[in-house]
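*Asks:* Dropping a structure here in structure tokens format, bear with me for questions.
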Amino acid sequence: MLHTFVAYVEDLPGVLTRVASLFRRLNININSLTVGRSEREGLSRLTLVCEASAEAGHRIRASLFKLENVVDVDDIAQAPAVTRELALIKVAASAQNRSQIFDLVDVFRARIVDLTSESLMIELTGVESKIEGLIEILREADTKILELCRSGKMTMRRGHHTSSVLKAMGAQPEGDAEEYDAPGKATRKGKAIELE
Amino acid sequence: MGSEAKSQASNAHLTTPTRLTGAEILWATLVGEGVTDVFGYPGGAILPAYDALRKFPIRHVLVRHEQGAAHMADGYARASGKVGVAVATSGPGATNLVTGIATAMLDSIPMVCITGNVSSKVLGTDAFQEVDITGVTLPVTKHNFLVSRAEDLAAALRHAFQIARSGRPGPVLVDITKDAQQATAIFDFEAAKPRPYRPHPMLSVKESGLEQAAQLIREAKRPVILAGHGVIESCAMEQVRTLAERAEIPVGLTLLGLGGFPASHPLNLGMMGMHGEAWVNHAIQEADLLIACGMRFDDRVTGSTSTYALKAKKIHIEVDPAEINKNIKADVALVGDLAEVLEQLLPRISGRDGSAWLKTIASMKGEVAVRDIKNLPDSGHLYAAHVMHDLWRITGGDAIVVTDVGQHQMWEAQYFHHEKPRTLITSGGLGTMGFALPAAIGAKMACRDKEVWVIAGDGGFQMTAAELATIVQEKIKINIAIINNGYLGMVRQWQEFFYERNYEATPLVSPDFVKLADAHGIAARAVHTRGEVEDAVNEARSTPGPFLLNFMVEKEDSVYPMIPAGNALHEMIRRPGRDPLEERADDR
């Protein structure tokens with residue numbers, strides 16, 4: 001299954017290697033990884049998406065916590081969350097086919113952020129399927145994609161209670177409570193609902 | 001300067017912030033952390049540190065190879081429970097530590113390795129003897145630091161000691177650039193104190209879990225306690241013993257758990273797993289409850305996990321949350337320090353009658369004894385099992401035994417009965433040949449008044465035999481027993497059982513170990529028959545200096561029982577029914 005780990009890590013040299021090395025050792029490919037500053041001073045927030053067995057989630061989270069520079073880890077799994085990705089797409093476009101691309105960009109609620117006589121750049125934010133959708137349509141329309149840059153996924157739980165708030169309140173992120181006592185029974189409640 | 005004056009001078013640094021060089025800060029911080037002995041080897045990038053060493057009350061043991069330094073620090077830690085310290089220079093010095101670091105990592109041994117590195121200005125330029133040792137050791141350390149400024153050094157070192165000894169212990173490496181050793185900074189030991197230790201956030205010992213565990217124990221008909229290295233690391237010997245006695249539960253031990261529960265205790269079943277006795281493994285397979293205490297269900301303990309103890313519920317008490325459900329699913333997991341968890345669990349356990357189950361296990365034991373080589377009459381041949389049994393008998397089981405890896409290691413585990421923790425020092429997880437001799441030097445440095453025995457095979461001994469000179473230079477008394485069968489015995493055994501006796505690359509030519517010892521100025525003698533064993537061991541023990549015994553044992557003897565890798569725990573190759581002492585053509 002697809003796992004989405006959100007971690008707060010110390011903003012120091014080599015920390016990303018330590019995180020990545022853990023997945024390398026388990027021979028797990030990282031599908032996507034985004035890192036940036038967080039609301040907490042000196043801490044970066046990363047979102048890491050990977051494919052691994054359902055049982056592996058617990059162990060990966062426990063192993064991430066064992067890294068000295070990792071402060072907090074949340075396994076989002078199927079919990080209600082907002083996930084977004086940013087894409088920049090540079091396509092070949094001349095005066096002849098520009099308007100056709102403008103229409104597509106409108107439908108996808110994307111933006112044109114750069115325009116030259118021979119090319120234009122599209123900025124698109126959304127879930128993975130939306131980005132894949134625009135790319136697919138552009139290809140079907142015989143538009144030549146000159147460059148494609150995707151940020152990878154960023155994820156945040158829905159609702160007021162962040163994972164760290166839950167922890168401060170003495171509760172555990174969803175799914176954890178049962179994990180130790182009844183392995184195998186740890187089913188995750190709730191399904192992500194995307195509200196645009 | 002007398003050692004007292006030395007120690008006062010250096011202790012002043014600990015109370016008053018003083019400007020020191022990075023090299024001085026290194027040693028002053030170690031002194032502050034309670035370090036009295038280090039094991040190391042100098043070189044260009046660590047020379048500033050060595051230059052400052054004489055000012056501090058620290059004994060430095062010069063090794064013959066940096067792998068030896070790491071194993072010595074490891075043996076020191078295993079024997080004493082303190083953090084062991086190894087020092088090496090950059091490049092090859094640092095990479096030579098790696099095997100020793102990985103050995104400590106796999107067995108959760110608290111250790112701090114200090115390496116020099118090239119100056120920060122040339123880091124990453126492939127300078128002479130430069131290697132990215134923090135990169136190299138990343139997967140085999142609990143954590144590591146690259147320090148390039150003298151002012152960061154004390155804090156990094158203190159943090160390293162905290163990490164090494166906290167939670168599930170492990171090795172930490174601190175790599176210090178040469179310019180950081182040469183520069184000066186204000187040294188303030190107190191201010192360099194690490195942030196408060198943060199326990200793993202997923203530790204979880206819930207009331208409901210404790211109650212569930214207690215109920216499982218109350219209701220169990222055929223329970224077995226599995227005691228691992230965690231019993232010793234957590235100092236939970238008393239608690240495990242109380243649990244076993246109060247609820248009449250037999251105890252099986254992992255290799256690293258030996259000594260955590262007295263061998264002579266009537267509830268002790270001995271070592272389980274690949275070379276465990278048949279009754280232990282059968283007991284586990286027949287059990288309806290396993291109480292795993294500070295162990296990780298290693299593959300050498302479980303055999304095939306798909307057939308492991310299928311009838312049993314499992315209670316897993318473990319300090320590392322990443323071990324829960326890793327190999328074997330736990331029905332109840334109590335994730336925390338073993339001694340603390342058992343303290344909470346014990347009040348819920350009351351007297352329980354386990355006699356029927358104990359009787360069943362006892363009947364299995366009787367059947368095994370008749371096959372045991374130890375109980376067969378002396379035919380004049382020398383078997384490793386005899387050597388172990390006699391060593392145990394003669395030393396009263398009181399010595400610290402440091403083994404290498406292979407057949408002799410398993411025979412030691414079977415025939416040398418450990419009553420107390422930290423009396424068996426062995427590389428369990430990584431299985432590092434060459435471990436015994438250097439680790440024994442470390443153990444002896446930690447426990448100067450203890451009798452220390454190295455037991456090594458002829459193969460493993462040669463991997464680190466250069467450390468014989470270290471023994472002589474440091475004037476320490478260690479007894480060495482080489483179990484010499486002319487083969488890489490355990491590999492030969494696998495070839496015999498699983499590769500149609502194709503003894504490829506396992507016959508081994510060795511030097512005359514008696515002469516080798518003599519060349520070092522170490523007394524030695526060879527032993528060919530069982531009749532000579534007692535006298536030889538006594539001679540070794542009564543000789544003031546180090547002593548080497550070369551036991552010329554049966555060449556093609558095998559360790560029984562054996563569970564072939566990947567087989568179920570009850571699918572053992574048993575001791576041969578025929579008389580294993582029968583004459584063979586290749587016998588001496």
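*Asks:* Compute the Rg/Rh shape ratio of the range B:3-187: radius of gyration over Kirkwood radius, all on alpha-carbon atoms.
*Replies:* On the way: Rg = 14.8 Å, Rh = 15.8 Å.
We get a ratio of 0.94 for the range B:3-187.
*Asks:* Quick one: Debye curve from the C-alpha atoms of the range B:382-553, no solvent, what's log10 I(q)/I(0) at q = 0.16 Å⁻¹?
*Replies:* -0.88
*Asks:* With contacts defined as alpha carbon pairs under 8 Å and 6 or more residues apart, what's the relative contact order of chain B in percent?
*Replies:* Details: 1338 pairs, mean separation 80.0, N = 588.
Worked out over chain B, it gives 14 percent.
*Asks:* If you average the sequence gap of Cα pairs under 8 Å that are 6 or more apart and divide by the length of the range B:207-365, what percent do you get for the contact order?
*Replies:* On the way: 308 pairs, mean separation 45.8, N = 159.
After rounding, I find 29 percent.
*Asks:* Can you pull the semi-axes for the range B:414-486, root of five times each eigenvalue of the Cα gyration tensor, sorted largest first, whole Å? Mind showing how you got there, number by number?
*Replies:* Working: eigenvalues 63, 62, 25 Å².
Equivalent ellipsoid semi-axes, largest first: 18, 18, 11 Å.
*Asks:* Can you pull the Kirkwood radius for the range A:16-68, inverse mean 1/r over Cα pairs, to one decimal in Å?
*Replies:* Details: mean 1/r = 0.0834 Å⁻¹.
Every distinct Cα pair counted, the radius reaches 12.0 Å.
*Asks:* Calculate the mean, over all residues of peptide A:7-16, of how many other protein chain Cβ atoms lie within 10 angstrom of the residue's Cβ.
*Replies:* On the way: counts 0, 0, 0, 0, 0, 0, 2, 6, 0, 0.
Across A:7-16, the average partner-chain Cβ count within 10 Å equals 1.
*Asks:* Using each residue's phi in the range B:258-268, evaluate 6.51 cos²θ - 1.76 cosθ + 1.60 at θ = phi - 60° and report the 3J(HN,Hα) Karplus result to the nearest Hz, with x for Gly and Pro.
*Replies:* 4, x, x, 9, x, 4, 7, 5, x, 8, 7
*Asks:* Per-residue mean of other chain beta-carbon atoms within 10 angstrom of the beta-carbon, peptide B:191-204?
*Replies:* Shielding by partners across B:191-204 averages 2.
*Asks:* Follow-up. I want to check the label-to-label distance for residue A:114 and residue A:147. Put each point 7 Å from Cα in the C-beta direction and report it in nm to one decimal.
*Replies:* 0.4 nm
*Asks:* Compute the normalised compactness of the range B:303-424: alpha-carbon radius of gyration over 2.2 N^0.38 Å, N being the residue count. Could the numbers behind the result be given before it?
*Replies:* Details: Rg = 19.3 Å, N = 122, 2.2 N^0.38 = 13.7 Å.
Its radius of gyration relative to the 2.2 N^0.38 Å reference: 1.42.
*Asks:* Moving on to the next point. Please give the peptides B:344-350, B:531-537, B:147-153, B:176-182 ranked by average Cβ packing (other Cβ atoms within 10 Å per residue), highest first, as a rough proxy for protection.
*Replies:* Working: B:344-350: 14.7, B:531-537: 16.9, B:147-153: 21.3, B:176-182: 24.3.
Top of the packing list down: B:176-182, B:147-153, B:531-537, B:344-350.
*Asks:* Under the definition of partner shielding as Cβ atoms of other protein chains within 10 Å of a residue Cβ, what is the mean value for peptide A:53-60? Show your work: numbers first, answer last.
*Replies:* On the way: counts 0, 0, 3, 1, 0, 6, 6, 1.
For peptide A:53-60, the averaged partner shielding equals 2.
*Asks:* Could you please report the charge total around residue B:260, scoring K, R as +1 and D, E as -1 over all other residues with beta-carbon less than 10 angstrom from its beta-carbon? Display every interim value, and only then the final one.
*Replies:* Values: positive: B:241, B:420, B:422; negative: B:233.
Computed value for this residue: +2.
*Asks:* Determine the calculated [θ] at 222 nm for the protein assembly as shown from helices alone, applying -39500 (n - 2.57) to every DSSP H run no shorter than 4 residues and normalising by the residue count; nearest 500 deg cm²/dmol.
*Replies:* Working: 29 runs with 281 residues, N = 784.
So the calculated ellipticity at 222 nm is -10500 deg cm²/dmol.
*Asks:* For the range B:25-131, what ratio Rg/Rh do Cα atoms give with a Kirkwood hydrodynamic radius?
*Replies:* Using only Cα positions, Rg/Rh for the range B:25-131 is 0.97.
*Asks:* Okay, next question. Please pull out the direction-averaged projected area of the range A:1-114, using the convex hull of its alpha-carbon atoms, in nm² to one decimal place. Please list the in-between numbers first.
*Replies:* Working: hull surface 39.5 nm².
Dividing the Cα hull surface by four gives the mean projection, 9.9 nm².
*Asks:* How much of the DSSP beta bridge set in chain B is antiparallel, as a percent to the nearest 5? Please list the in-between numbers first.
*Replies:* On the way: 7 of 72 bridges.
Bridges in chain B that DSSP calls antiparallel: roughly 10 percent.
*Asks:* While we're here: Have a look at the range B:161-225 and give its Rg and Dmax from the Cα atoms, expressed in angstrom.
*Replies:* For the range B:161-225, the Cα-based Rg and Dmax read 22.1, 67 Å.
*Asks:* What is the ratio of the Cα radius of gyration of chain B to 2.2 N^0.38 Å, with N the residue count, to two decimals? Could you put the intermediate results ahead of the total?
*Replies:* Numbers: Rg = 24.8 Å, N = 588, 2.2 N^0.38 = 24.8 Å.
Ratio of Cα Rg to 2.2 N^0.38 Å: 1.00.
*Asks:* Can you work out the base-10 log of I(q)/I(0) for the range A:82-150 at q = 0.16 1/Å, using the Debye formula on its C-alpha atoms alone?
*Replies:* Calculated log10 I(q)/I(0) at the listed q: -0.46.
*Asks:* Also, I was wondering about something else. From zero up to wherever the largest Cα-Cα distance of the protein assembly as shown sits, split into 20 Å bins and tell me the percent of pairs in each.
*Replies:* 15, 41, 32, 10, 2, 0
*Asks:* Assuming a viscosity of 1.306 mPa s and a temperature of 10 °C, what translational diffusion coefficient in µm² per second does Stokes-Einstein assign to the range B:207-365, Rh being the Kirkwood radius over Cα pairs?
*Replies:* On the way: Rh = 15.1 Å.
Approximately 105 µm²/s, per Stokes-Einstein.
*Asks:* Same structure, new question: Can you classify the range B:259-339 as rounded, prolate or oblate using the Cα gyration tensor, where a ≥ b ≥ c are the square roots of its eigenvalues, rounded means a/c under 1.5, and otherwise it's prolate if a/b beats b/c and oblate if not?
*Replies:* Working: a/c = 1.70, a/b = 1.19, b/c = 1.43.
Verdict is oblate for the range B:259-339.
*Asks:* If you count, for each residue, the other Cβ atoms within 10 Å and average over each peptide, how do B:28-36, B:463-471 line up from highest to lowest?
*Replies:* B:463-471, B:28-36
*Asks:* So for the range B:142-289, Kirkwood radius off the Cα pairs, Stokes-Einstein at 20 °C and 1.002 mPa s: how many µm² s⁻¹?
*Replies:* 114 µm²/s
*Asks:* Please go through the residue pairs B:221/B:420; A:153/B:329; A:66/B:444; B:142/B:326; B:206/B:326; B:450/B:475 and name each one whose alpha carbons sit more than 22 Å apart in this structure.
*Replies:* Numbers: B:221/B:420 29 Å; A:153/B:329 32 Å; A:66/B:444 32 Å; B:142/B:326 19 Å; B:206/B:326 20 Å; B:450/B:475 15 Å.
Violating the 22 Å Cα-Cα cut-off are B:221/B:420; A:153/B:329; A:66/B:444.
FYI, it's all coordinate maths here, none of it is from the lab. No experiment lies behind these values; they were computed from the predicted model shown. In this analysis, Cβ positions are derived from the backbone assuming ideal geometry, glycine residues included, and neighbour counts consider all displayed protein chains.
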